[in-house]
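Below is one structure, written out as structure tokens, with a few remarks after it.
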Amino acid sequence: MSIRPILVLPDKRLRLVCEPVKHIDDHIRALVADMFETMYAAPGVGLAAIQLGVPKRVVIVDATRGDEEKHPLTLVNPEIVWASEEQAIHEEGCLSIPDYLDEVERAERVKVRFLDLQDVNQEIEADGLLARVVQHEIDHTNGVLFIDHLSKLKRSRVIKKFSKAAKREAVG
Ligand code: NI
């Protein structure tokens, strides 16, 4: 297991639509192990494989906080099969957009179908923080970032800020 670098905005790979996983093999299991190590170290509550530069439909989530017992969840080829009409607004951030938080409106509850690491079909119903993180991470597999849910003005401001920082880094 190792911690891998996390891609940061405006890295174009964050905009890729990721490929479904055909076979769950040792390669995928090793990727997932690295994803957990990277996410817990960050720390974060969710991570998509593309944030480590791997364009596959693999996401991990652990919405437990602080001293609570960890509840790691791996979702391969996840799909939202139902979303509540009821929406919730909550502050969100993203490890690929460090130090920027903003309020995002999402479905309060969702049903998600996915493959687990044993290659078994699973379906869960999630609400609250878990529902929010799952929707955020599934967005990543489709090249969508949480800032895409904000106003155009806010989004372009954030992208501009990160593009400038990236240029400064390239020069310095
Ligand atoms: Ni994110």
Residues satisfying the stated conditions in the range 45-60, i.e. within 17 Å of Glu92 (Cα to Cα) and open to solvent by 20 Å² or more (accessible area, probe 1.4 Å):
Val45
Residue among Glu79, Glu69 that is away from the ligand (no atom under 12 Å from the Cβ) and under 23 Å from Val17 (Cβ atoms):
Glu79
Within the range 26-38, is even one residue open to solvent by less than 60 Å² (accessible area, probe 1.4 Å), under 16 Å from Cys94 (Cβ atoms) and either touching a helix residue (DSSP H, G or I) at 6+ places or on another chain (Cβ under 7 Å) or of a type in the set (Phe, Trp, Tyr) (or both)?
yes
If you go through Val158, Val171, the only one that is of a type outside the set (Gly, Ala, Ser) and in contact (Cβ under 8 Å) with a residue 12 or more places away in the chain is Val158
Of the conditions (1) away from the ligand (no atom under 15 Å from the Cβ); (2) part of a loop (DSSP other than H, G, I, E, B), Pro43 clears all except one; give me its number.
(1)
Kindly provide the set of residues from the range 106-145 that are touching a residue at least 60 places away in the same chain (Cβ under 8 Å), away from the ligand (no atom under 16 Å from the Cβ) and hydrophobic (A, V, I, L, M, F, W, C), ordered by number.
Leu115, Leu117
Taking the range 146-155, which residues are hydrophobic (A, V, I, L, M, F, W, C) and without any contact (Cβ under 8 Å) to a residue 24 or more places away in the chain?
Leu153
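The values are calculated or read from the model by the stated rules, or taken from the named source; none is laboratory data. Treat the numbers as computed from the prediction; the structure is a model and nothing was measured. Positions of Cβ are backbone-derived with ideal geometry, glycine not excepted, and every protein chain shown enters the neighbour counts. The protein model used for the area step is the full one, side chains on, heavy atoms only, and it has no ligands, DNA or RNA in it. Shrake-Rupley method; radii C 1.70, N 1.55, O 1.52, S 1.80 Å.
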